Amino acid sequence: MNFISPVMSSRFETLNSMRQREISESSNRIASGKRFSANPSRDSAAYRMSTRLEIESKFSDSAKKSLDNAYTLAQQQSDIVAYAESVIKRMNVLAYEATDPTSSSYDRESLNAEFKEHSKTLESLMFDRTFDQQLLDPQAAEYIDQTIIYEDEVSSSGASVKKVDISALAAKIKLWWNTSDSNQTRDRIQLKQGDRWFFDSGEYLSNDGSGAVRSENVDGQNTYGDYFEVDIQPNQISYTSALDNKGDSNSPLAPGYPKVQAPRGDSTVIKIAVNEPGPENINRSTPTGWSWRLSWDTEAIDGPKGIADEKGTLYELSPLGFSTLKGYDISTRVSAADALERSELELESLRKQLYTLAKTFSEVRLKSRYIGHKNISQNVALSRINDSDLAGEYTSLAKNLLLQKATNHALVHSRVSAQNVINLIS
């Protein structure tokens, strides 16, 4: 015979169910790692503090990784510049030996051959893309290399090619392109950096169909042709055309032009190719009536960006630069003296850049260490909150287990007295 009333039985079941749910929740939180700090309804203060610390810790961790990457890039810059310094030191020695009045022409030719090879080595260092980062820029050098205009060439396809070394990887290229003649013939011009084209006019006609051609005064000279302006950076490009251009590239043989594609930044040589076949393989048997004019404004390239501290302030790692000493030779005593003076100036410039880079090392490393220590402190504080929650969970679990055991024990003896049961579970 059970002396517990229906009302008391219902109350017992309710309390037992609540207690069992608390035991289950505590067990799950202990097993899963979820604490009061993850539940605003249990402890809003701990929740706010832990959430803030978690967010700050993530920012600090991200900033430290960003600064560590910047340090790695700066180290790569330093290695390249230090090696370039050793190469230029050797070139300086070669130039000094070539100024010796007792050296024969044969001796100077041998020295000059090695000098030229070292210049090619410097060029390969400048345009190396192993790490896919633009760390070096010829325009960042204190003594910028001179512009070199090469002799006209004819390509294997019969196209006219002009090459200009502008000593820059970034520039604003200005092109006036005139293809008008009495036969309304279309011509094509391509601008290339190295071997990769970055502007292609397509099959272009520079008049409006009735023979009218655009003209403007450029530096006091009357210049004919449609105008295009192309801004290039390594892996970046944008272009505009004059609003009053007369012509078009609406050729059914090559639709969708003019076209641009970003240069890789692996050369400072700009090639102007007229009437290359292009991807459509449009060949011409005879030259047609075209003329062009090209000018450029060299620019410094943008360095690696996205370097941020824990406050979100963005930094840019500035590229460094050095001369490849192209255009110099030591085949005569006079030219060797010029190369000797130029290489000594370049060595002094490199020493200044290495000093600046050392300062960058120090600043980046100091800030990275500060953020690292701050991140450790944040994680320690967060762990202490979680440790306190864990102790609370164990205490709550032990309390509920004891109450459950006491309740079950009381239930066994419920037949003795209903009042005793009521007293025990109250």
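The values are calculated or read from the model by the stated rules, or taken from the named source; none is laboratory data. Just so we're clear, the structure is a prediction, and the values are computed from it rather than from any experiment. Positions of Cβ are backbone-derived with ideal geometry, glycine not excepted, and every protein chain shown enters the neighbour counts.
Report yes if Thr99 is modelled with pLDDT of 90 or more, touching a helix residue (DSSP H, G or I) at 6+ places or on another chain (Cβ under 9 Å), polar (S, T, N, Q) and under 23 Å from Leu354 (Cβ atoms), otherwise no.
It is false that Thr99 is modelled with pLDDT of 90 or more, touching a helix residue (DSSP H, G or I) at 6+ places or on another chain (Cβ under 9 Å), polar (S, T, N, Q) and under 23 Å from Leu354 (Cβ atoms).
I need the full set of residues from segment 157-186 which are assigned to a strand (DSSP E or B) and at pLDDT below 90, in order please.
Once the filter is applied, which keeps residues that are assigned to a strand (DSSP E or B) and at pLDDT below 90, segment 157-186 yields only Ser160.
Could you tell me whether Ile166 is of a type in the set (A, V, I, L, M), surrounded by 13 or more Cβ atoms within 10 Å (Cβ to Cβ) and under 17 Å from Asp266 (Cα atoms)?
yes
Checking the structure you have, find out if any residue of segment 182-200 is among the acidic types (Asp, Glu) and surrounded by fewer than 14 Cβ atoms within 10 Å (Cβ to Cβ).
Yes; the residues of segment 182-200 include at least one that is among the acidic types (Asp, Glu) and surrounded by fewer than 14 Cβ atoms within 10 Å (Cβ to Cβ).
Can you tell me which residues in segment 330-355 are surrounded by fewer than 21 Cβ atoms within 10 Å (Cβ to Cβ) and either within 18 Å of Ser104 (Cβ to Cβ) or hydroxyl-bearing (Ser, Thr, Tyr) (or both)?
Ser331, Thr332, Arg333, Val334, Ser335, Ala337, Ser349, Tyr355
Looking only at segment 221-254, count how many residues are over 15 Å from Leu175 (Cα atoms) and touching a Gly at 6+ places or on another chain (Cβ under 8 Å).
Final tally of qualifying residues: 6.
Could you tell me which numbered condition Glu280 fails, if it satisfies all but one of (1) under 21 Å from Asp152 (Cβ atoms); (2) in a loop (DSSP other than H, G, I, E, B)?
Every listed condition holds for Glu280 apart from (1).
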